[in-house]
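What follows is one structure encoded as structure tokens, with my remarks underneath.
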Amino acid sequence: MSTNGISMALKLQFGLINYGNRYLTAETFGFKVNASGTSMKKKQIWTLEQDQDSQVVFLRSHLGRYLASDKDGKVSCEEEVPNTDCRFLILMQSDGRWALQSEPYLRYFGGSAEYLSCFAQTIGDAELWAMHLALHPQANLLSVGRKRYAHLSIADDELSMDSNIPWGVDSLITLVYMDGKYSLKTCDSRFLSNDGKLVKENGPNTSFTLELKSGKLAFKDCGGKYLSPTGPTGSLKSGRCSRPGKDELFDLEESHPQVVFQAANKRFVSIRQGVSISANQDDETDMETFQMEIDKETKKCMFRTSGGNYWTLVTHGGILSSATEVEENTMFDIEWLGRRVALRANNGKYVCTKKNGQLAAVSDSVGEDEQFVLKLINRPILVLRGENGFVCHHKNSNTLDASRSVYDIFSLLFSDGAYHIKSGNEKFWYVSGSGLVCTDGDKPEDFFFEFVEYGRVGIKGQNGKYLRGDQGGTLMGDGLSVDASSLWEH
């Protein structure tokens, strides 16, 4: 999915569900493909790749191999580079399901269990597939037509599509999946209705069928009309169109963590005074909010301002918000110190707060002036996904599963450099003596968030151990280090 926005659009990853409610599955051994999966785990996730010059798509499995059909309708998933047999067309049906047609042979793909083929000449139930998005459900929503982002407008009590950049908590959109439909949830936990109103309860008018057109998304309501921005503020609601055009198309973009820093002088770090960065403000606005962008290779962090510039190291250890591109001097190491963090610049020195509030990278060690409170501001509601799936309440106990294809939404509350995590039952998470993460605490327990990798966070409990998914799929609070089992998309 190409983008007109400031971030890369998320790659479209999904599960495909057949008429028997089973997921299309790419087996690890023998590159076999079947429709036997009962839930969406790694083997059931497919990535859509769009041919740039046509409506042709390619479906890539979790093994990096491409779905293909030969002239006799025999289905395989072995090709490392897509060839002619891997070319498919998506035919959207009125109920939102897909029919996949082989582009060279014009036959339709379908079947059940081990019996998959691409030989049907017409579309029946066996050739229809429902799409279940596998993306992390929290994102920024970009209007393709307006090139503007959705945000919660408190003044107008609506979702407006008039932001130039997705900044602050009101730009966070959470997709809620239920019974094959999607709802759009705002940061204050309300749902968008097709008439543009924001309501507390999810129902038919807040449920949309997700459709795909040229790699973009369209949201069709229960009356067959599509969401689109209308009026000067781009108020998001269903319009008159029963076929999606440019105005009805959207991209989902990754929602990076956005944070505020409080220095040792108890004031917030700000760019309100221009390009210099100083801890001299008493309230949090866009000028005190910075986007954390972590480099995938070095794991160092860049801090982006609401104006689009980056913090950068200048002569004599000065820190300014004047860089327009990422380079070595815009990268900082973060040291995680429990309730506080320290930042080390490219000159090897720690960033400190000077007496006049200005930030400068001039310190050789970490003392009080080199420590900051880092507060995450754009995740008041939390969805966690680990290497094996989403975090979800266990059905019959007070513990949590960490390998589900569905997710629960939790509340995240900030507390002086730590966080409290609250379940829907108004009870708090805690780590038991045996290392289990439990959800029925009467009083809050501190957890510490460490943003150590691109798109991933490590979460440390009061016991100094990291939250991890164990082999049985249970969420534990006994991880000794940050590794694949203890990193979470958030």
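Rundown of residues vs (1) over 14 Å from GLY386 (Cβ atoms); (2) modelled with pLDDT of 95 or more; (3) assigned to a strand (DSSP E or B), yes/no style:
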{"site": "GLY424", "(1), (2), (3)": "yes, no, no"}
{"site": "GLU445", "(1), (2), (3)": "yes, yes, no"}
{"site": "PHE449", "(1), (2), (3)": "yes, yes, yes"}
{"site": "GLY458", "(1), (2), (3)": "no, yes, yes"}
{"site": "ASN463", "(1), (2), (3)": "yes, yes, no"}
{"site": "GLN471", "(1), (2), (3)": "no, no, no"}
{"site": "LEU475", "(1), (2), (3)": "no, yes, yes"}
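Show me the strands (runs of 3 or more DSSP E) entirely contained within the stretch 279-323 in which 2 or more residues are free of Cβ contacts under 8 Å to residues at least 24 places away in the same chain, within 20 Å of ARG344 (Cβ to Cβ) and touching a strand residue (DSSP E or B) at 6+ places or on another chain (Cβ under 8 Å).
Working: elements: 290-294, 301-304, 310-313, 319-323.
Strands (runs of 3 or more DSSP E) meeting the threshold: 310-313.
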Q) Taking only pairs six or more apart or across chains, which ones have beta-carbon atoms under 9 Å, a first residue in the stretch 438-455 that is closer than 14 Å to THR298 by Cα and open to solvent by 60 Å² or more (accessible area, probe 1.4 Å), and a second residue that is assigned to a strand (DSSP E or B) and among the β-branched types (Val, Ile, Thr)? A) GLU453/ILE294; TYR454/ILE294
Q.
If I filter the stretch 100-138 down to residues being without any contact (Cβ under 8 Å) to a residue 40 or more places away in the chain and over 23 Å from LYS32 (Cβ atoms), which single residue comes out as surrounded by the most Cβ atoms within 10 Å (Cβ to Cβ)?
A. ILE123
Q.
I need the strands (runs of 3 or more DSSP E) fully contained in the stretch 25-132, keeping only those with at least 1 residues that are of a type in the set (Ser, Thr, Tyr) and within 29 Å of PRO244 (Cβ to Cβ).
A. 46-50, 66-69, 98-102, 108-112
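Given the criterion surrounded by fewer than 22 Cβ atoms within 10 Å (Cβ to Cβ) and on the phi > 0 side of the Ramachandran plot, identify the matching residue among GLY245, GLY274, GLY307.
GLY274
Of all residues in the stretch 139-162, which are open to solvent by 20 Å² or more (accessible area, probe 1.4 Å) and either without any contact (Cβ under 8 Å) to a residue 12 or more places away in the chain or not acidic (Asp, Glu) (or both)?
Taking the stretch 139-162 as the starting set, the residues that turn out to be open to solvent by 20 Å² or more (accessible area, probe 1.4 Å) are 145-148, 151, 154-158, 162.
GLY145, ARG146, LYS147, ARG148, HIS151, ILE154, ALA155, listed by residue number.
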Q. SER485 passes all but one of (1) without any contact (Cβ under 8 Å) to a residue 24 or more places away in the chain; (2) surrounded by 18 or more Cβ atoms within 10 Å (Cβ to Cβ); (3) not in a strand (DSSP E or B); which number fails?
A. (1)
Q.
Just checking, does the stretch 166-175 include any residue being over 30 Å from GLY308 (Cα atoms) and not in a strand (DSSP E or B)?
A. no
Q.
Of everything in the stretch 195-220, what is closer than 16 Å to LEU175 by Cβ and in contact with a helix residue (DSSP H, G or I) (Cβ under 7 Å, 6 or more places away or on another chain)? Give them in sequence order.
A. ALA218
Q: Would you check if there is a residue in the stretch 361-374 being on the phi > 0 side of the Ramachandran plot, open to solvent by 20 Å² or more (accessible area, probe 1.4 Å) and free of Cβ contacts under 8 Å to residues at least 60 places away in the same chain?
A: no
Q | Within the stretch 1-27, considering residues that are hydroxyl-bearing (Ser, Thr, Tyr) and modelled with pLDDT of 90 or more, the one surrounded by the fewest Cβ atoms within 10 Å (Cβ to Cβ) | A | TYR19
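With respect to PHE390, determine if the residue is of a type in the set (Phe, Trp, Tyr), surrounded by 19 or more Cβ atoms within 10 Å (Cβ to Cβ), farther than 27 Å from LEU343 by Cβ and within 20 Å of the chain's Cα centre (by Cα).
Working: of a type in the set (Phe, Trp, Tyr): yes; surrounded by 19 or more Cβ atoms within 10 Å (Cβ to Cβ): yes; farther than 27 Å from LEU343 by Cβ: yes; within 20 Å of the chain's Cα centre (by Cα): yes.
Spelling it out, PHE390 is indeed of a type in the set (Phe, Trp, Tyr), surrounded by 19 or more Cβ atoms within 10 Å (Cβ to Cβ), farther than 27 Å from LEU343 by Cβ and within 20 Å of the chain's Cα centre (by Cα).
The values are calculated or read from the model by the stated rules, or taken from the named source; none is laboratory data. Everything quoted here is computed from the prediction, not taken from an experiment. Positions of Cβ are backbone-derived with ideal geometry, glycine not excepted, and every protein chain shown enters the neighbour counts. These area figures cover heavy atoms from the full protein model, side chains too; ligands, DNA and RNA do not enter into them. Shrake-Rupley method; radii C 1.70, N 1.55, O 1.52, S 1.80 Å.
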